[in-house]
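Chemist: First the structure, then my questions, so here it is.
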Amino acid sequence: MAAAAQVQAPPLKEYPVIPILQKDAMAGSRPYVAPEKVNEALGFPGKLVEDWHDRAIAKMGELLGKYRSLRVFLDACVHCGACTDKCHYFLGTGDPKNMPVARQELVRKVYRRYFTLAGRLFPKLVGAEDLTEEVLEDWYRYFNQCSECRRCSVYCPYGIDTAEITMAAKEIMDSIGLGQKYTNEILGKVHKVGNNLGLPGPALENTLETLAEEVKEDTGMDVRFPLDEKGAEVLVVTPSADFFAEPHVYSLVGYAKVFHAAGISWTLSSHASEAGNFGLFIGSYEQMRAIAKRVREAALELGVKRIVVGECGHAWRVAYSFWNTLIGPFDFLDPRYPAPQHICELTWDLIRRGAIRFDKEKNDHRIVTFHDSCNVARGAGMGGIPGGQFIIPREIIRAACNHFYDMAPETIHEHTYCCGGGGGLLTDELLELRVKGALPRMEALKAVVDAHGVNFMATICAICKAQFSKVLPYYKFDMSMIGGVHQLVGDAIRLGESR
Amino acid sequence: MSLLFAALFYAAAAVFVAGLARKIVQYARTPAPLVIPTTPAPRTRSGVALRMLREVALFESLFRANKWIWLFGWTFHVALALVLLRHLRYFQEPLWEAVALAQPFGVYAGFAMLASLGGLWARRFVVERIRYISTISDHLMLALLVAIAASGLGMKYVAPTDVVAVKAFMLGLLRFEVEPLPSDPLLLVHLALVALLIAIFPASKLLHAPGVFFSPTRNQPDDARERRHVAAWAKE
C-alpha cells in the first residue's frame, strides 16, 4: 500500500469551484488489465488480439445496430458544454478528458471517422480520428475513469448518457481482449460460485450462524438468518459484501430484524448469493442476463412468493429496470407485491402499516444525513411514485432516528454525486481517482457536518459503503461515519419481549 | 444565375429530405433493448409526451445545467423559429394569419438571433472548458449561422433587394418553374449559405433536432417493472 499512502485528497473548499483544466492530470490512472484466464472464462479473447483495430470497428458497427442510445447519442451532441462541470471525476481531478463530452468524444471521433460521411471526407474539420493505439490507450484509461453514474445525462439537453458510451467502449475493449482485471475477475467468481466475493455455500452458512449468535447475544432474541429454505415467503438477494464487510453486515442484520419483527418468513440463497451485477458495468447484455438468471432459478427452486433486493445501488437499477426484461415475467410471484421489491419498499410498507415500530432514541447518538446512490437515484425508482427512491429511504430514516439533515439540494436526489467508486472502479490501483472523485460529495458532507454536527451518512449501496469507508479518512472524517439505512433500522427496531 | 440557384435549392432540398429520412428510419429501426430513462422519469406515455414538450420548447434540462448556455441557446432557437415563420411569406400566397402577424417580430428576432449566436460563440473562446471541446466545425457552424443572419439583416437595412421578385422565384420553385432571381450579391450570398445549411443538416450535429425525440433517456416511461421490453436481437 505504499502507493496508496501517497494519494493526497484535494482540499475541501467552502463553495464548489469548477477547476481549471489540467491536461493529462489523470493520464497515469489505469487499472490492471485482466489476465488471459480471466478473460477467456468469460468468453472474451485472453489478450489483445492481432487484428484488434478491425475487430473493434466491426464491434462498434454491431453495437450501433443494437443500441439506439449509442446511435443517437453519438450523432446528437452539439458540444454545448452543459455537462462539462457535472462529472465528479472532472471536479476532483481537473483532467479535461473527464468532462463527459470529452470522454464521449474519445468514441465519437472514431465513430465519425468510420461511420459518417463528413468524418470520412473531412476528418480534421469535424474532429474525426482513426482508431490508433494511442486512442485505444485513452479509451482504456478514461473509460475506466467513468463510474457510469449518469449525472451528466440529467443535464444534457438531449439526454445523452455517457454511461451508455462507456459501456459500449468497455464492450468493444472486452471483445478485443482488453478487459479490466477487477471487474472481469468478479464476473468470473459470480458465474462460478454465485457471488462477487467467491464465498462458497458452507462459508456463507458459517457466517450467517455467527451473525445469529451475535444478535442473540445483543438482544436475547432468536433472529434467524435462513439460507436455502424452501417454501419461505421472501427470497432476499443482497450484495455479498453484506455477508462479511463492515458496515455492510449491519444492514443485513437490519433486514433480518425487520423480517423477524414483522413475522415474515424469508431466506437467502447460496445459488443467488449476489445482488450485484457487474455485467452492467461492462455493458454486456449477455453477462447481465446470465447473472440475473441465477436469481430466477433460485426463486423457482425455493418456491418463494416475493423477491426482495438488499442495499445495493447498481443491483437495484438492474433489478428494477432490467430484471423483468432480462429474466421475466415474474408471473410465479405474488402479484400483490412489486417484482422485484426493494428492502426499503418492504420496510416502509411495514412501517406505514404499523407492523414494525422503533425506539428512536436508540439512534439519538447519531446525527444522520443520506447519500443518494447514483444508480438508485437516476436509474431506478421505488414505491411506484415519482421520486419514491428519494422519499422512501428518508422516511425510513426519519422513522428510526430523531436527527436527520439533508445535504445541499444540488447534491442530492437526481443531482447526487457518485461516491467515486462505482462502475467497476472499486479497486486499489485506482485509489487516487477514487479519492479525488469523492471530492464533491465530501464538500457537501462537510457543510452538514459543520452546520448540524452530522456524524453518520446513511446510504443504500454496497459500493458506496466500501468506497466511503476507504476515502473518508483521506478527508479527515471518521470511516465509521458511513453505514446503511437498515443499520439504523436494525439498531432501533422493536423486536418484542425477549423470552 | 436563376437556373443555378434553382438547381442549388432543389439539390439541397433533395439531400435534406433523403438524408434526414435515412437517419430517422435508422433511429427508429435501431432497437432500445433496455429501459434507461433518466430521473425524473414520467411513469406514463402522456407524461413522456409532456416531458418531451418541455424539453423541446423550454430546454428544461439545459436550464437546470447552465443558465448562460440556456439563455443563449433558447433565445437563438426561439428567434430562429420566428425568423423562419417570417420567411414563410416567400413561399405562400395568400399568407397565413400567423405569418402575417409574425412579420415585425421576425425582424427583432433576427437581431436576437445574432446576439445569441454572439453569446454562444463567445463562450467557445472565453470559457476554457468549452474552448477545449470546440472543434473547427463547431466554429464554422456558428460562422455559417451568423453569416446567414447578418446577410439577411443587411438586406433589410443596408442593401434591400427586390423582395417581390424573390417571392416570385420561390413560388416558382414550388411549381417547378424557374422565375428570374434578382442578382444582388447580398441576396445570392444569403441564399447560397441557406442552401448549404440545409444540405449539411443530415450530416452534421444539426441531427440533434431529430435525435432528441429518439433519446431513450428522455422518451421512455419509467415502467420497467410493469412492462417487459425485449428487443428482437435479445430474444432467446
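Every number in this text was worked out from the coordinates using simple rules, so none of it is lab data. From a predicted model like this one, the values you see are computed outputs, not experimental measurements. Glycine also receives a Cβ, built like all others from the backbone with ideal geometry; neighbour counts cover every protein chain displayed.
Chemist: Each label point is 7 Å from the Cα along the Cα-to-Cβ direction; what then is the distance between the points at B:VAL78 and B:ARG29, in nm?
Modeler: About 3.9 nm separates the two model spin labels.
Chemist: I want the antiparallel fraction of DSSP beta bridges within the protein assembly as shown, as a percent rounded to 5. Provide the component values of the computation, followed by the final result.
Modeler: Details: 2 of 18 bridges.
The answer is about 10 percent antiparallel.
Chemist: Further question on the same structure: How would you classify the stretch A:9-179 from its alpha-carbon gyration tensor, with a ≥ b ≥ c the square roots of the eigenvalues: rounded for a/c under 1.5, else prolate if a/b is greater than b/c, otherwise oblate? Kindly include the intermediate steps, with their values, before the conclusion.
Modeler: Working: a/c = 1.81, a/b = 1.26, b/c = 1.44.
In terms of gyration-tensor shape, oblate.
Chemist: Sequence-distant or interchain residues sharing an amide H contact under 5 Å with A:GLN180, placed H: which?
Modeler: Placed amide hydrogens put A:ALA34 under 5 Å from A:GLN180.
Chemist: Taking the Cα atoms only, what angle lies between the long axis of helix A:285-302 and the longest principal axis of chain A, rounded to 10 degrees?
Modeler: With both axes taken from Cα atoms, the answer is about 20 degrees.
Chemist: Quick one: Cα centre-to-centre distance for the stretch B:166-236 and the stretch B:1-67, in angstrom?
Modeler: If we compute the Cα centre of each part, the gap is 8 Å.
Chemist: Rank these for me by crowding, A:PHE244, B:PHE214, going from fewest to most other beta carbons within 10 Å. Provide the component values of the computation, followed by the final result.
Modeler: Details: A:PHE244 16, B:PHE214 25.
Least crowded to most crowded, the residues run A:PHE244, B:PHE214.
Chemist: Now a separate question. Based on the alpha-carbon gyration tensor of the stretch B:1-111 and its eigenvalue square roots a ≥ b ≥ c, which shape applies: rounded if a/c is under 1.5, prolate if not and a/b is larger than b/c, or oblate? Mind dumping the intermediate values first?
Modeler: Details: a/c = 2.29, a/b = 1.38, b/c = 1.66.
It comes out oblate by the Cα gyration axes.
Chemist: For the pair B:ALA21 and A:ASP130, what calculated FRET efficiency results from E = 1/(1 + (r/R0)^6), where r is the Cβ-Cβ distance and R0 = 30 Å, to the nearest 0.05? Provide the component values of the computation, followed by the final result.
Modeler: Details: r = 30 Å, r/R0 = 1.00.
After rounding to 0.05, the efficiency reads 0.50.
Chemist: Shifting gears a bit: Taking neighbour counts of Cβ atoms within 10 Å as a proxy for exposure, in what order, fewest first, do A:HIS486, A:HIS365, A:HIS79 appear? List each step's numbers first, then the result.
Modeler: Values: A:HIS486 31, A:HIS365 10, A:HIS79 22.
Listed from fewest to most nearby Cβ atoms, that is A:HIS365, A:HIS79, A:HIS486.
Chemist: Counting other C-beta atoms within 10 Å, and keeping those with at most 12, which DSSP coil trypsin sites (Lys or Arg not before Pro) do you find in the stretch A:1-75? Don't skip to the answer; put the middle values down first.
Modeler: On the way: sites: A:LYS13, A:LYS23, A:LYS37, A:LYS47, A:ARG55, A:LYS59, A:LYS66, A:ARG68, A:ARG71; in loops: A:LYS13, A:LYS23, A:LYS47.
Here the sparse-neighbourhood loop sites are A:LYS13, A:LYS23.
Chemist: Cβ under 13 Å from A:ASN196's Cβ, A:ASN196 left aside: what net charge do those residues give with Lys, Arg +1 and Asp, Glu -1? Mind dumping the intermediate values first?
Modeler: Values: positive: A:LYS189, A:LYS192, A:ARG294; negative: A:GLU185, A:ASP242, A:GLU274.
Local charge sum for A:ASN196: 0.
Chemist: In whole Hz and in residue order, list the ³J(HN,Hα) couplings for the stretch A:313-327 that follow from phi through the Karplus curve 6.51 cos²θ - 1.76 cosθ + 1.60, θ = phi - 60°; x for Gly and Pro.
Modeler: x, 5, 4, 5, 4, 4, 5, 5, 8, 10, 4, 4, 6, 6, 10
Chemist: Quantify how strongly other chains surround peptide A:378-384 by giving the mean number of their Cβ atoms within 10 Å of each of its Cβ atoms.
Modeler: Working: counts 7, 9, 5, 9, 0, 0, 5.
If you average over the peptide's residues, the count of other-chain Cβ atoms is 5.
Chemist: Hey, got a sec? Which trypsin sites (Lys or Arg not before Pro) in the stretch A:336-409 land in a DSSP loop and have at most 10 other Cβ atoms within 10 Å? Numbers along the way, then the final one.
Modeler: Working: sites: A:ARG336, A:ARG352, A:ARG353, A:ARG357, A:LYS360, A:LYS362, A:ARG366, A:ARG378, A:ARG394, A:ARG398; in loops: A:ARG336, A:ARG353, A:ARG357, A:ARG366.
Taking the stretch A:336-409 and a limit of 10 other Cβ atoms within 10 Å, the loop trypsin sites (Lys or Arg not before Pro) found are A:ARG336, A:ARG353.
Chemist: Ok, one more. Would you work out the Kirkwood radius for the stretch A:188-492? I mean one over the mean of 1/r across all pairs of different Cα atoms, in Å. Walk me through the intermediate numbers first.
Modeler: On the way: mean 1/r = 0.0521 Å⁻¹.
For the stretch A:188-492, the Kirkwood estimate is 19.2 Å.
Chemist: Between B:ARG45 and B:ARG228, what's the calculated FRET efficiency when r is the beta-carbon distance and R0 is 22 Å? Round to 0.05.
Modeler: Values: r = 16 Å, r/R0 = 0.73.
Taking R0 as 22 Å, the efficiency between B:ARG45 and B:ARG228 is 0.85.
Chemist: Right, next: Report, ordered by chain and residue number, the lysines lying within cross-link reach of B:LYS67, taken as a straight Cα distance under 26 Å and ignoring same-chain residues fewer than 8 apart.
Modeler: In chain and number order, the partners are A:LYS13, A:LYS86, A:LYS97, B:LYS205.
Chemist: Now a separate question. What's the angle, to the nearest 10 degrees (0 to 90), between helix A:462-471's Cα axis and the longest principal axis of chain A?
Modeler: Helix A:462-471 sits roughly 80 degrees off the main axis of chain A.
Chemist: Run the paramagnetic zone check for B:ALA165: 7 angstrom along Cα to Cβ, then residues of the stretch B:189-203 with backbone nitrogen under 18 Å.
Modeler: B:189-192
Chemist: By counting other Cβ atoms within 10 Å of each Cβ, how are A:SER321, A:SER373, A:SER265 ranked from fewest to most? Please list the in-between numbers first.
Modeler: Numbers: A:SER321 26, A:SER373 30, A:SER265 14.
Arranged by neighbour count, lowest to highest, A:SER321, A:SER373, A:SER265 become A:SER265, A:SER321, A:SER373.
Chemist: Just grab the label-to-label distance for B:LEU3 and A:GLU209, each label 7 Å out from Cα along the Cβ direction, in nm (one decimal).
Modeler: Those two pseudo-labels are separated by 9.7 nm.
Chemist: Tilt of helix A:52-66 relative to the longest C-alpha principal axis of chain A, in degrees (0 to 90, nearest 10)?
Modeler: 60
Chemist: Could I ask something else about it? How far apart, in nm, are two points set 7 Å out from the Cα along the Cα-to-Cβ line at A:GLU229 and at A:ASP138?
Modeler: It is 5.6 nm.
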